[in-house]
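The values are calculated or read from the model by the stated rules, or taken from the named source; none is laboratory data. The structure displayed is predicted, hence computed values, not measured ones. Virtual Cβ from ideal backbone geometry, glycine too; neighbours counted across all protein chains shown.
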Amino acid sequence: MSESKNVTSAAEENVTVVELEPVKNSNIAKFVIASLAGIFLFLIPIPKGTTFTIPIGILINWVSDLLALETVNLASVAVVAFITISTVLTIINKLFKPQFIQKNEMMNKILSPSPLYFVSRIIGLVIVYLAYFQVGPEMIWSGATGGSMLGVSATLVSVILCIAFLMPLLTDFGIMEFVGVLLRKVVRTLFTVPGRSAIDLVTSWLGTSNAAAILTTGQYESGFYSAREAATISCNFSFVSIPFCYVIATLIGVEEKFTIFYLISLIGGVVLAMIIPRIPPLSRIPDTYDEISGKRINEQVPQGVSKMKWALNLAGHRAENATAKGVGKAGVRVYATMFLDLIPVVMAWGTIVLVLVEYTPIFDFVSIPFGWLMNLCGIEGAADVAPTALVGFADQYIPPLMLADFPIERTRFIMGCASLLQIIYMTEVGLIVIKSRVPVNVGHLFLVFIERTIIAIPLVTLLTNLLVTF
């Protein structure tokens, strides 16, 4: 359905004189109700003990507790089942090409992986059974390696179950179009991304990092972000949730300073989000749109139409096309993709990296340059904690675990805060982005991770020196 009739176009801003196509009041109401529900679930902080969370976080925790029975954790069983089904069906599809898979576009795509991902599924299958039953070499299934990855994967069961079917309240009913028109210039100026991403940015910051990555890659695959914009948002705003930040602060023993700990993370995150998109590799990713969906975004305000009227018009038309059936199908697609395609890879490569961290000195050697940087910044015990600056690329849990017993509080504070600002870790955000259609590879992600780390360490040190007393 055309949302406007073009009459003439202006020069640089592509401003257009248009005659608005009327929007039914029922669609405006649909937009308002769904958007308010989405804002409440994903964006409204509510008190929880000594910190804050968001309603979707409470729902995720409730589902997680529901699955954790006294005798067995159903989420862990689900992970084992998903990886088994994924691997077995992939082998069947490769050998026999059954019609029930070949004729189903979604199943055929998931079950026809590249050779690397096929091998990853085999490795993931072996590791998940070793970790679940705690058999074989302890270095594979211990709580610091395969056991940790099984825990991460089990957490994703409840996270994805909730967000897959509720995230459309923010993406499919018009709120992103509405906000995009109103905040286009501000968000574009600060972060080089569309105005509609303002909702994405806030959701990413207050919600969970995997939810943020799923939202962003989904917007690219729907034609609302260019490749560069999707990469920029994924690599700069997929921040860990406020509750998780508190968990990190508690783990490293600085929970009494949590408010200032989170404030420094917030300031540092905004500064990094203004710098990183303007330098390679993100600045060199093309502003092209997904080949399948094409470009669907339109935030330009037509000449002679107020911002508010145009925002409501776009939002109403977007809400008109959103249906419960469409939301359900999209949720099933997200869930199937995450657990049949992503989780086996998380289990395989996450465990391998953790084994390297725990049982080899490789990270001690490759992190030496970070030790030099920390020395320049005046961080005590730099050589001992240097590996924490690099291992976060594998998983967000590793740096705080390594810092937990370090005796110098100031060092724990600085490096714990810096680890939150790294954002990109392969067990969740990295793999979600790579497995999407966003044209980003491991090399891009690693370079951005290094850039964020190099800038974050002196920035956090400066802010800590200014704002914190030890």
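Figures for the structure shown
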| quantity | calculated |
| --- | --- |
| Criterion: outside any helix (DSSP H, G or I), within 20 Å of Ala213 (Cα to Cα) and in contact (Cβ under 8 Å) with a residue 40 or more places away in the chain - qualifying residue of Val438, Val429 | Val438 |
| Matching entry among Ser238, Ser197, Ser226 (being at pLDDT below 90, farther than 25 Å from Phe339 by Cα and polar (S, T, N, Q)) | Ser197 |
| Positions within region 223-255 being part of a loop (DSSP other than H, G, I, E, B) and more than 19 Å from Val202 (Cβ to Cβ), in sequence order | Gly223, Ser226, Ile252, Gly253, Val254 |
| Qualifying positions in region 332-362 - within 24 Å of Thr145 (Cβ to Cβ), crowded, with 19+ Cβ neighbours inside 10 Å and not hydrophobic (A, V, I, L, M, F, W, C) | Asp341, Pro344, Gly350, Thr351 |
| Test: residue in region 55-78 that is farther than 19 Å from Tyr335 by Cα and in contact with a strand residue (DSSP E or B) (Cβ under 9 Å, 6 or more places away or on another chain) | yes |
| Unique match (being surrounded by fewer than 22 Cβ atoms within 10 Å (Cβ to Cβ) and of a type in the set (S, T, N, Q)) among Thr217, Thr171, Thr155 | Thr155 |
| Answer residue from region 134-158, given it is over 18 Å from Leu74 (Cβ atoms) and among the hydroxyl-bearing types (Ser, Thr, Tyr) and is modelled with the highest pLDDT among those | Ser142 |
| Selection status of Val429, under 16 Å from the mean Cα position of the chain (by Cα), more than 18 Å from Pro280 (Cα to Cα) and β-branched (Val, Ile, Thr) | yes |
| Residue ID - modelled with the highest pLDDT, chosen from residues in region 389-405 that are among the small types (Gly, Ala, Ser) and assigned to a loop (DSSP other than H, G, I, E, B) | Gly392 |
| Residue satisfying condition, being of a type in the set (Phe, Trp, Tyr) and surrounded by fewer than 18 Cβ atoms within 10 Å (Cβ to Cβ), within set Phe393, Phe365 | Phe365 |
| Pair list, Cβ < 8 Å and 6+ apart or interchain, from region 271-297 residues that are more than 15 Å from Val440 (Cβ to Cβ) and modelled with pLDDT of 95 or more to residues that are of a type in the set (S, T, N, Q) and not in a loop (DSSP other than H, G, I, E, B) | Leu272/Asn236 |
| Condition check for Pro302: more than 21 Å from Met167 (Cβ to Cβ), out of contact with any Phe, Trp or Tyr (no Cβ under 8 Å at 6 or more places or on another chain) and not aliphatic (A, V, I, L, M) | no |
| Cross-chain or 6+ apart pairs with Cβ under 9 Å, region 317-344 first and more than 19 Å from Ala154 (Cα to Cα), then basic (Lys, Arg) | Ala319/Lys30; Glu320/Lys24; Glu320/Lys30; Ala322/Lys30 |
| Test: residue in region 272-289 that is polar (S, T, N, Q) and either crowded, with 16+ Cβ neighbours inside 10 Å or touching a Cys at 6+ places or on another chain (Cβ under 6 Å) (or both) | no |
| Matching helices (runs of 4 or more DSSP H) fully within region 287-372 where at least 3 residues are within 27 Å of Ile123 (Cα to Cα) | 324-336, 343-359, 362-366 |
| Ala154 touching a strand residue (DSSP E or B) at 6+ places or on another chain (Cβ under 7 Å) and in contact (Cβ under 8 Å) with a residue 40 or more places away in the chain | yes |
| Test set (1) touching a Leu at 6+ places or on another chain (Cβ under 9 Å); (2) more than 17 Å from Lys435 (Cβ to Cβ); (3) surrounded by 13 or more Cβ atoms within 10 Å (Cβ to Cβ) - Lys94 fails condition number | (3) |
| Residue count for region 446-470, restricted to those that are crowded, with 17+ Cβ neighbours inside 10 Å, within 11 Å of Ile260 (Cβ to Cβ) and not hydrophobic (A, V, I, L, M, F, W, C) | 1 |
| Exclusive hit being of a type outside the set (S, T, N, Q), modelled with pLDDT of 95 or more, surrounded by 15 or more Cβ atoms within 10 Å (Cβ to Cβ) and over 30 Å from Leu263 (Cβ atoms), set Val80, Val88, Val63 | Val80 |
| Candidate set from region 109-133 (those that are exposed (fewer than 14 other Cβ atoms within 10 Å of the Cβ) and within 24 Å of Thr360 (Cβ to Cβ)); member that is modelled with the highest pLDDT | Val119 |
| Pair list, Cβ < 7 Å and 6+ apart or interchain, from region 35-59 residues that are in contact (Cβ under 8 Å) with a residue 24 or more places away in the chain to residues that are among the polar types (S, T, N, Q) and not in a helix (DSSP H, G or I) | Gly57/Ser241 |
| Residue selected from region 184-201 under the condition small (Gly, Ala, Ser) and part of a helix (DSSP H, G or I), by the criterion farthest from Ile233 (Cα to Cα) | Ala198 |
| Condition met for Leu130 (among the aliphatic types (A, V, I, L, M) and over 26 Å from Ile58 (Cβ atoms)) | yes |
| Selection count, region 85-128, where residues are under 14 Å from Ala336 (Cβ atoms) and part of a helix (DSSP H, G or I) | 11 |
| Number of the exception - Ala144 against (1) touching a residue at least 60 places away in the same chain (Cβ under 8 Å); (2) surrounded by fewer than 21 Cβ atoms within 10 Å (Cβ to Cβ); (3) in a helix (DSSP H, G or I) | (3) |
